[in-house]
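What follows is one structure encoded as structure tokens, with my remarks underneath.
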Ligand SMILES: C[S@@+](CC[C@H](N)C(=O)[O-])C[C@H]1O[C@@H](n2cnc3c(N)ncnc32)[C@H](O)[C@@H]1O
């Protein structure tokens, strides 16, 4: 009987919550999907999503900072993917006003803009308002991913508010998971995954 040898080099499936989020979305998102990046920041996730949804799909991207919207727009243009993305320079708490489609997936990467003003962060009330609207917009079997950073001022309080809210969701309507790197130092981010049933 032959022996299959799998050599894994330099690749970690569970490295951190950014990698984990990307692994999940790369399995979940199909061509033609309609998705939302509710905190576009420097546009890394928006670009990834734009690639995954293909020509027939659509990505909605929100950020309150025009610098984030500009950086993301430039990134998309460099790759010729700007046609698939609707960037909205507004708070994600207004998602219900801007998105008329149902969504297959929505992601949030909470906190401050890397390389930007660290005082401008997501805040619990608007984050929760937005998540509530997004859960309504999701299709059944749609997925919500929320990454909470806890190293900055207010980050841990926001994570607790997000967790309290997600814990209160009816288990008949939502599966809710927490992905927590419990042996990492220095406030590793916590990822929450919600599947709408
Ligand atoms: C951690 S960064 C996102 C990083 C991003 N995923 C990337 O790939 O670079 C968080 C972003 O949320 C934005 N933000 C803060 N409050 C917001 C709100 N109410 N609605 C939408 N975006 C918001 C910030 O301006 C910041 O750019």
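A few remarks follow.
- Residue list for segment 130-175, restricted to those being in a loop (DSSP other than H, G, I, E, B) and either away from the ligand (no atom under 12 Å from the Cβ) or farther than 17 Å from residue 108 by Cα (or both): 150, 153, 168, 169, 170, 171, 172, 173
- Only listed residue being modelled with pLDDT of 95 or more and near the ligand (Cβ under 8 Å from one of its atoms), chosen from 96, 91: 91
Results for (1) out of contact with any helix residue (DSSP H, G or I) (no Cβ under 7 Å at 6 or more places or on another chain); (2) surrounded by 15 or more Cβ atoms within 10 Å (Cβ to Cβ); (3) at negative phi, shown as yes or no for each residue.
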site	(1), (2), (3)
97	yes, no, yes
107	no, yes, yes
134	no, yes, yes
139	yes, no, yes
159	yes, yes, yes
164	yes, no, yes
167	yes, no, yes
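- Hits in segment 34-65 - residues which are on the phi > 0 side of the Ramachandran plot and more than 7 Å from the ligand (Cβ to nearest atom): 54
- From the list 147, 122, the one residue that fits, being touching a strand residue (DSSP E or B) at 6+ places or on another chain (Cβ under 6 Å) and buried (at least 16 other Cβ atoms within 10 Å of the Cβ), is 147.
- Among the conditions (1) assigned to a loop (DSSP other than H, G, I, E, B); (2) more than 9 Å from the ligand (Cβ to nearest atom), residue 114 misses just one, which is (2).
- Where helices (runs of 4 or more DSSP H) fall wholly inside segment 40-99, the ranges with 3 or more residues that are within 15 Å of the chain's Cα centre (by Cα) are 44-53.
The values are calculated or read from the model by the stated rules, or taken from the named source; none is laboratory data. Computed from a predicted structure; not experimentally measured. Positions of Cβ are generated from backbone atoms using ideal geometry, with glycine treated the same way; all protein chains shown enter the neighbour counts.
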